[in-house]
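Novice: What follows is a structure written as structure tokens; I'll ask about it next.
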Amino acid sequence: MADDGKSIPHEFRARRVDGIINGLEDAANQSRLSHDRMSAEEARLFAEISKGDIKRHKAYLAIRNNILRLWFDEPRYQLTFDKVVETLDKIDITLLSEERVLVGKVFFYLERYGYINFGVFRRQTASPEQKKGRVIIIGAGIAGIIAARQLQYFGFDTIILESRARVGGRIATFRKNGYVADLGAMVVTGLGGNPVSVLQTQTNLDLVPVKHKCPMYECSSVVVPKAKDEVVEREFNRLLEACSYLSHMLDSNELTKQPLSLGDVFELLIR
Ligand SMILES: Cc1cc2nc3c(=O)[nH]c(=O)nc-3n(C[C@H](O)[C@H](O)[C@H](O)COP(=O)(O)OP(=O)(O)OC[C@H]3O[C@@H](n4cnc5c(N)ncnc54)[C@H](O)[C@@H]3O)c2cc1C
């Protein structure tokens, strides 16, 4: 595989323009791994390689980084073992029969530990005919939903139990009269090494950079005056501090004898 940058996701290409790193390094970094060193987990799972000769160590890293790179090239589709073997055969890794076994081990390690084939991707191979078991997941927040998808991919039957009348948990969007407001998560804090950036590619979500200047608007669409914004922020912080102090001072609710959360005290003060 030529490292010509054509098949690299745009966010990687942008960083390449800065001349900082190349595609394989990017793929490792994006997976929160070092491109030229095994992680402690890898050293434990592949002990014979981590303690073995440098040639095998390098072969391991080359195989691992290339598999990661293939995944990031097109995370909308399942990366299959066949595709990995086919691609690695074409590049500068001599796949001796011994190394083919290693490719299989590295591939299944990366898949099992969630470095590849995670999120919302299209399956390319048939689902396992026989289910491995049934898992009940409590909560249909993003963690529960993604866990269910991953377990289904691995061949488990899954059931999600959710106490609320909607899915999404702390991710929620309020819509009224054509207006849309996010009530929970809406900011992706950093794309480097963040699996959310993979989800964003997979779901075709648009990201808009948060500007340094981020004005707040009144309902009438007029920008909130600076002085008013500062007063409200000061009052909000005072209220938060008072709630925090009280929730530490009041050990429990007099009536229910339950510990008081920040929210409980907040509601008490408002009332
Ligand atoms: C106002 C706000 C703004 C935020 N902004 C950002 C942001 O900009 N960027 C960011 O990255 N993160 C942000 N976060 C944090 C982010 O939303 C959460 O980290 C993330 O959504 C948590 O997902 P989760 O699946 O782990 O948990 P949750 O979303 O809390 O999901 C847990 C689910 O489990 C259900 N549940 C709990 N107990 C039970 C039970 N016993 N039985 C059945 N169901 C149960 C709950 O109803 C809920 O649906 C924000 C959070 C809030 C509240």
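Novice: If ASN204 satisfies all but one of (1) open to solvent by 90 Å² or more (accessible area, probe 1.4 Å); (2) in contact (Cβ under 8 Å) with a residue 12 or more places away in the chain; (3) closer than 30 Å to SER34 by Cα, what's the number of the condition it fails?
Specialist: Of the numbered conditions (1) open to solvent by 90 Å² or more (accessible area, probe 1.4 Å); (2) in contact (Cβ under 8 Å) with a residue 12 or more places away in the chain; (3) closer than 30 Å to SER34 by Cα, the odd one out for ASN204 is (2).
Novice: Can you tell me which condition SER247 does not meet? The list is (1) open to solvent by less than 80 Å² (accessible area, probe 1.4 Å); (2) within 16 Å of the ligand (Cβ to nearest atom); (3) modelled with pLDDT under 90, and all the others hold.
Specialist: All conditions pass for SER247, except number (2).
Novice: Continuing with this model, one more query. Hey, any hits in the range 94-107 for a residue that's open to solvent by 70 Å² or more (accessible area, probe 1.4 Å), assigned to a loop (DSSP other than H, G, I, E, B) and touching a strand residue (DSSP E or B) at 6+ places or on another chain (Cβ under 9 Å)? If you could, list the steps in order and put the result at the bottom.
Specialist: Step one: of the range 94-107, the residues open to solvent by 70 Å² or more (accessible area, probe 1.4 Å) are 94, 96-98, 100-101, 105.
Of the ones still in play, those that are also assigned to a loop (DSSP other than H, G, I, E, B) are 94, 96.
Applying the additional criterion that residues be touching a strand residue (DSSP E or B) at 6+ places or on another chain (Cβ under 9 Å) yields none.
No, because not a single residue in the range 94-107 is open to solvent by 70 Å² or more (accessible area, probe 1.4 Å), assigned to a loop (DSSP other than H, G, I, E, B) and touching a strand residue (DSSP E or B) at 6+ places or on another chain (Cβ under 9 Å).
Novice: Among (1) surrounded by 11 or more Cβ atoms within 10 Å (Cβ to Cβ); (2) over 16 Å from the mean Cα position of the chain (by Cα), there is one condition LEU161 misses while meeting the rest; what is its number?
Specialist: Of everything listed in (1) surrounded by 11 or more Cβ atoms within 10 Å (Cβ to Cβ); (2) over 16 Å from the mean Cα position of the chain (by Cα), LEU161 misses just condition (1).
Novice: Which residue out of GLY184, GLY193 is in a loop (DSSP other than H, G, I, E, B), under 19 Å from ALA27 (Cα atoms) and under 22 Å from the mean Cα position of the chain (by Cα)?
Specialist: Only one candidate qualifies: GLY193.
Novice: So, in the range 158-183, how many residues would count as being more than 9 Å from the ligand (Cβ to nearest atom) and either on the phi > 0 side of the Ramachandran plot or touching a Leu at 6+ places or on another chain (Cβ under 6 Å) (or both)? Explain how you work it out, then say what you get.
Specialist: First, the residues of the range 158-183 that are more than 9 Å from the ligand (Cβ to nearest atom): 158-159, 165, 173-181.
From the residues that got through so far, the ones that are either on the phi > 0 side of the Ramachandran plot or touching a Leu at 6+ places or on another chain (Cβ under 6 Å) (or both) too are 158, 174, 177-178.
Residues in the range 158-183 being more than 9 Å from the ligand (Cβ to nearest atom) and either on the phi > 0 side of the Ramachandran plot or touching a Leu at 6+ places or on another chain (Cβ under 6 Å) (or both): 4 in total.
Novice: Given the criterion open to solvent by 70 Å² or more (accessible area, probe 1.4 Å), away from the ligand (no atom under 13 Å from the Cβ), of a type in the set (Asp, Glu) and at pLDDT 85 or above, identify the matching residue among GLU254, GLU230.
Specialist: Details: GLU254 fails: at pLDDT 85 or above.
Sole residue among the options that is open to solvent by 70 Å² or more (accessible area, probe 1.4 Å), away from the ligand (no atom under 13 Å from the Cβ), of a type in the set (Asp, Glu) and at pLDDT 85 or above: GLU230.
Novice: Looking at the range 184-200, can you tell me whether even one residue there is loosely packed, with under 11 Cβ neighbours inside 10 Å, more than 16 Å from the ligand (Cβ to nearest atom) and modelled with pLDDT of 85 or more?
Specialist: no
The values are calculated or read from the model by the stated rules, or taken from the named source; none is laboratory data. The model shown is predicted, which means the values in this text are computed figures rather than measured ones. Neighbour counts run over all protein chains shown; Cβ positions are idealised from the backbone, glycine included. Ligands, DNA and RNA are stripped out before the accessible areas are found, and what is left, the full protein with its side chains, is counted by its heavy atoms. Shrake-Rupley method; radii C 1.70, N 1.55, O 1.52, S 1.80 Å.
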